[in-house]
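Student: My questions will all concern the structure given below.
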Amino acid sequence: MGRRGQRLARGHLDKAAAEQMKTDLDLQFNAHGPRPADEIRSVDPPQPVEHLVAWESGELDAWLREGGQWLGRVRDRDGHLAWIPQSDLRPAGQETP
């Protein structure tokens, strides 16, 4: 791999690491300071889930409550993290009624 390819690969890893750090901070803090412990749930080991965008698969590793609703932290198959509302998640392999 040439130097440019190495920089691109490192840039992708750096972006993934930054995404991980951001969502880790989201778990720890809200707009008012440290997040109350009853607003956080760890999922260990992470569980396979699907989310509403065409029921795309991902891996759930944490929950947090914000604005009266639970959000799940889901990593997609490309490694990107997103906060998905609980109502838009289901266990992987579950069929739509």
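The values are calculated or read from the model by the stated rules, or taken from the named source; none is laboratory data. This one's a predicted model, so the numbers in the text were calculated from it and none came from an experiment. Heads up, the Cβs are rebuilt from the backbone with ideal geometry, glycines too, and the neighbour counts pull from every protein chain shown. Remember, those area values only see protein heavy atoms, side chains included, never the ligands or the DNA or RNA. Shrake-Rupley method; radii C 1.70, N 1.55, O 1.52, S 1.80 Å.
Student: Considering only residues that are part of a loop (DSSP other than H, G, I, E, B) and either open to solvent by 50 Å² or more (accessible area, probe 1.4 Å) or among the polar types (S, T, N, Q) (or both), which ones fall in the stretch 10-59?
Tutor: A31, H32, P36, L52, V53, A54, W55 - these are the residues of the stretch 10-59 that are part of a loop (DSSP other than H, G, I, E, B) and either open to solvent by 50 Å² or more (accessible area, probe 1.4 Å) or among the polar types (S, T, N, Q) (or both).
Student: Further question on the same structure: Scanning the stretch 60-97 for residues that are among the small types (G, A, S), out of contact with any Ser or Thr (no Cβ under 6 Å at 6 or more places or on another chain) and assigned to a strand (DSSP E or B), which turns out modelled with the lowest pLDDT?
Tutor: Filtering the stretch 60-97 for residues that are among the small types (G, A, S), out of contact with any Ser or Thr (no Cβ under 6 Å at 6 or more places or on another chain) and assigned to a strand (DSSP E or B), the one modelled with the lowest pLDDT comes out as A82.
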